[in-house]
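To start, the structure itself, in structure tokens.
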Amino acid sequence: MKTKTVYLTYKTREKIEIVRITDEIERAVRDSGVKEGLVLVNPMHITAAVVVNDNERGLHQDYLRILEKLVPYGDDYRHNDSGEDNAASHVWRQFMGHQVVLPITKGSLDLGTWEQVFYFEFDGKRSKRVLVKIIGG
Amino acid sequence: MKTKTVYLTYKTREKIEIVRITDEIERAVRDSGVKEGLVLVNPMHITAAVVVNDNERGLHQDYLRILEKLVPYGDDYRHNDSGEDNAASHVWRQFMGHQVVLPITKGSLDLGTWEQVFYFEFDGKRSKRVLVKIIGG
Amino acid sequence: MKTKTVYLTYKTREKIEIVRITDEIERAVRDSGVKEGLVLVNPMHITAAVVVNDNERGLHQDYLRILEKLVPYGDDYRHNDSGEDNAASHVWRQFMGHQVVLPITKGSLDLGTWEQVFYFEFDGKRSKRVLVKIIGG
């Protein structure tokens, strides 16, 4: 059995930003030498999510607009009583599904035509890590 | 270490439809010969979800009604400016949790009494694939 | 390859309650002897979720308040026609992301500074199980 761990770091320009990370995951998979297995892609911070969906700018705007409509950033939250302002970020990342596990087949990510991996940053402008854990044979 | 990959194909009659797939996953697990391990069940299309919940028709209606209420299919979405009409489908599949990882114990799915696996199709009437990746020993 | 399966049992005092379970997962990982791998933490009941987020009481209140606002417990649901009253619990657990997969590195959970594991009980006061499945080398 082989395993490999990679820590990716992202520091977004905007507080809320969506970054495509498929290529970094694919590179980690190839470097691992794993031919058949699984790769976990998990943000190590709890105001961000890793999401598989479409590489389409309009859809990304829709996601952010819907999250803001359902859970407005500026609402009154108990979490923000502690001096934070990011309660909504914690909720959004759960609603988006915060992590993904991807299949590795024949040494590559085994994704459908439109499956792309994204880092959804909901409280950025600072360095944050995404853990990539590969396991297989 | 053993691995096995199965691609299941679903073409639903309705655009929006919920299909129970527990038996197909169980069959893939048994065919794999894996006694202890994990199985990833991941839709390869980004307007569908794999969900573990109750095999109860009323609850399935509730899910669809709640998703429609929170994120109405017919609302105005930027994604639909590109000629698509399925922006809401992309969002629904995230809110439902788009994929599952299931435990394999003693050669079978290790599920609770009421845990059943479903394919939630949010943009159907065409052939779509679900990837089953089994890893273990 | 090594694997280990642990069944944790929780019986909450309240119908809706959030329990921190990081230490139990860490203990299972150490007992497994797995140095590099993955651990699936999956509720075996379909009105509960396992969630990674912040150990902050205010935020937990926010989660419950938001879920109640978006999917009110007392609304009219088809699932509840069968004599149940917990339709909303089934939905909430999906919106929170019902399960997690965590990385194991050097024999321990490889978590970010603020990542803590919680059991979100949405229909408690009775014994319910959480399955911990560890796989790795």
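The values are calculated or read from the model by the stated rules, or taken from the named source; none is laboratory data. Source: prediction; values computed, not measured. Because the Cβ atoms are built from the backbone with ideal geometry, glycine has one as well, and the counts that use them run over all protein chains shown. The area values use the complete protein model at the heavy-atom level, side chains included, leaving out ligands, DNA and RNA. Shrake-Rupley method; radii C 1.70, N 1.55, O 1.52, S 1.80 Å.
Filtering region B:60-80 for residues that are of a type in the set (Gly, Ala, Ser), farther than 30 Å from residue A:2 by Cβ and in contact with an Asp or Glu (Cβ under 7 Å, 6 or more places away or on another chain) leaves an empty set.
Can you confirm whether region C:63-72 contains a residue that is without any contact (Cβ under 8 Å) to a residue 60 or more places away in the chain, charged (D, E, K, R) and within 10 Å of chain B (Cβ to nearest Cβ)? Looking through region C:63-72, none of the residues is without any contact (Cβ under 8 Å) to a residue 60 or more places away in the chain, charged (D, E, K, R) and within 10 Å of chain B (Cβ to nearest Cβ). Scanning region A:114-128 for residues that are closer than 16 Å to residue A:44 by Cβ and not in a strand (DSSP E or B) returns A:122, A:123, A:124, A:126, A:127. Take the conditions at the interface with another protein chain (Cβ under 7 Å from one of its Cβ atoms), open to solvent by 10 Å² or more (accessible area, probe 1.4 Å) and out of contact with any Lys or Arg (no Cβ under 6 Å at 6 or more places or on another chain) and apply them to residue C:98. Does it pass? Answer is yes for this residue. Among the residues of region B:59-72, just one is farther than 14 Å from residue B:121 by Cβ, in contact with a His (Cβ under 9 Å, 6 or more places away or on another chain) and open to solvent by 10 Å² or more (accessible area, probe 1.4 Å), namely B:61. Scanning region B:22-48 for residues that are surrounded by 19 or more Cβ atoms within 10 Å (Cβ to Cβ), of a type outside the set (Gly, Ala, Ser) and either over 11 Å from the mean Cα position of the chain (by Cα) or within 30 Å of residue B:137 (Cβ to Cβ) (or both) returns B:25, B:29, B:34, B:36, B:38, B:39, B:40, B:41, B:42, B:43, B:44.
Do any strands (runs of 3 or more DSSP E) lying entirely in region C:1-44 carry at least 1 residues that are touching a Phe, Trp or Tyr at 6+ places or on another chain (Cβ under 6 Å), and which ones are they?
Here the list reads C:2-10, C:17-20.
Every test in (1) part of a strand (DSSP E or B); (2) in contact with a Lys or Arg (Cβ under 8 Å, 6 or more places away or on another chain); (3) within 22 Å of residue C:131 (Cβ to Cβ); (4) hydrophobic (A, V, I, L, M, F, W, C) is passed by residue B:50 save one, and that test is (2).
Do we find a residue being polar (S, T, N, Q), closer than 24 Å to residue C:2 by Cβ and part of a strand (DSSP E or B) anywhere in region B:98-113? Working first, answer last.
The initial filter retains those residues of region B:98-113 that are polar (S, T, N, Q), namely B:99, B:105, B:108, B:113.
Applying the additional criterion that residues be closer than 24 Å to residue C:2 by Cβ yields B:105, B:108.
Checking which are part of a strand (DSSP E or B) leaves us with B:105, B:108.
The answer is yes, given that some residue of region B:98-113 is polar (S, T, N, Q), closer than 24 Å to residue C:2 by Cβ and part of a strand (DSSP E or B).
Filtering region B:73-92 to residues that are more than 8 Å from every other protein chain (Cβ to nearest Cβ) and either among the aliphatic types (A, V, I, L, M) or surrounded by 22 or more Cβ atoms within 10 Å (Cβ to Cβ) (or both) leaves B:88, B:89, B:92.
Filtering region A:87-113 to residues that are of a type in the set (Val, Ile, Thr) and within 16 Å of the chain's Cα centre (by Cα) leaves A:91, A:100, A:101. If you go through region C:114-133 one residue at a time, do you hit one that is in contact with a helix residue (DSSP H, G or I) (Cβ under 6 Å, 6 or more places away or on another chain), open to solvent by 10 Å² or more (accessible area, probe 1.4 Å) and among the basic types (Lys, Arg)? The answer is no, given that none of the residues of region C:114-133 is in contact with a helix residue (DSSP H, G or I) (Cβ under 6 Å, 6 or more places away or on another chain), open to solvent by 10 Å² or more (accessible area, probe 1.4 Å) and among the basic types (Lys, Arg).
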